């Protein structure tokens with residue numbers, strides 16, 4: 001039974017800083033992490049290992065920045081896990097956009113992230129339409145309910161998400177769409193199952209392990 005869920009927002013994006021970078025997948029809306037972001041994730045995984053967190057499964061949104069974040073976690077020798085790409089954790093794109101960005105295919109992503117398990121079948125299919133905030137919450141509620149139900153044989157999962165999907169995922173587990181969820185670049189939220197089968201939030205946007213501190217705080221009102 002899943003008893004602990006860690007939700008990680010991806011590290012600092014390359015297009016958030018003034019440094020040259022390449023869109024590795026050829027999609028000009030799908031940036032990699034900045035050097036700063038890579039360092040943040042390394043600090044995050046060191047924090048998890050130092051605190052004896054034993055991860056059983058690692059799920060990630062299939063966008064490049066989240067996959068890169070997951071890859072740094074997955075390849076740590078104390079973690080050593082495959083990456084399971086889950087479309088249900090993908091970025092939220094509101095109704096105001098002219099088009100809906102899609103991630104690269106798993107085959108393309110696998111060339112950059114060899115730990116990606118291309119045999120894994122995502123619970124949720126790629127979003128085909130722009131979503132309202134309520135629809136984003138619906139997507140994450142379905143995804144989290146399904147992930148928890150289908151992984152009854154393990155204890156701890158890590159989800160690598162975006163700002164919106166971090167918030168909606170935590171609210172889905174807590175069964176509270178008004179819960180105040182804090183999210184920043186490479187922040188960590190921890191949810192723990194209680195004896196009465198409710199969930200408690202033990203970390204809310206934790207960034208204590210980041211040498212650069214809390215940055216790029218996001219919420220649905222921004």
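Give the relative contact order (percent, whole number) for the chain; include only Cα pairs under 8 Å separated by 6+ residues.
28 percent
Given contacts defined as C-alpha pairs under 8 Å and at least six residues apart, what's the relative contact order of the range 67-170, whole-number percent?
Here the relative contact order equals 37 percent.
Where Rh denotes the Kirkwood radius from the mean inverse Cα pair distance, what is Rg over Rh for the chain?
Expressed as Rg/Rh, it is 0.93.
For the residues 222, 203, 67, what sequence is obtained by ranking on other C-beta atoms within 10 Å, fewest first?
Ordered from fewest to most neighbouring Cβ atoms within 10 Å, 222, 203, 67 come out as 222, 203, 67.
Considering the chain as a Gaussian network with a 10 Å cut-off on Cα pairs, which listed residue, 114, 126, 77, attains the greatest mean-square fluctuation?
77
So what's Rg/Rh here for the range 48-87, counting alpha carbon atoms and using the Kirkwood radius for Rh?
Result for the range 48-87 is an Rg/Rh of 0.97.
Relative contact order for the range 1-56 using alpha-carbon pairs under 8 Å, separation at least 6, rounded to a whole percent?
Once normalised by length, the contact order is 34 percent.
Alpha carbon centre of the range 162-222 versus the range 49-90: separation in Å?
For the range 162-222 versus the range 49-90, the Cα centre distance is 17 Å.
For a footprinting-style exposure proxy, rank 140, 106, 58 by other Cβ within 10 Å, fewest first.
Neighbour counts put them in this order, fewest first: 106, 58, 140.
Suppose only helical runs count, i.e. DSSP H with n ≥ 4. What mean residue ellipticity at 222 nm does that imply for the chain under -39500 (n - 2.57) per run, divided by all residues and rounded to the nearest 500 deg cm²/dmol?
-9000 deg cm²/dmol
Only bridges with both residues in the chain count here: give the DSSP antiparallel percent, nearest 5. Numbers along the way, then the final one.
Values: 11 of 24 bridges.
The antiparallel proportion sits near 45 percent.
Every number in this text was worked out from the coordinates using simple rules, so none of it is lab data. Please read these numbers as outputs of a predicted model, since none were measured by experiment. Don't worry about glycine lacking a Cβ; one is built from the backbone with ideal geometry, like all the others, and counts go over all protein chains shown.
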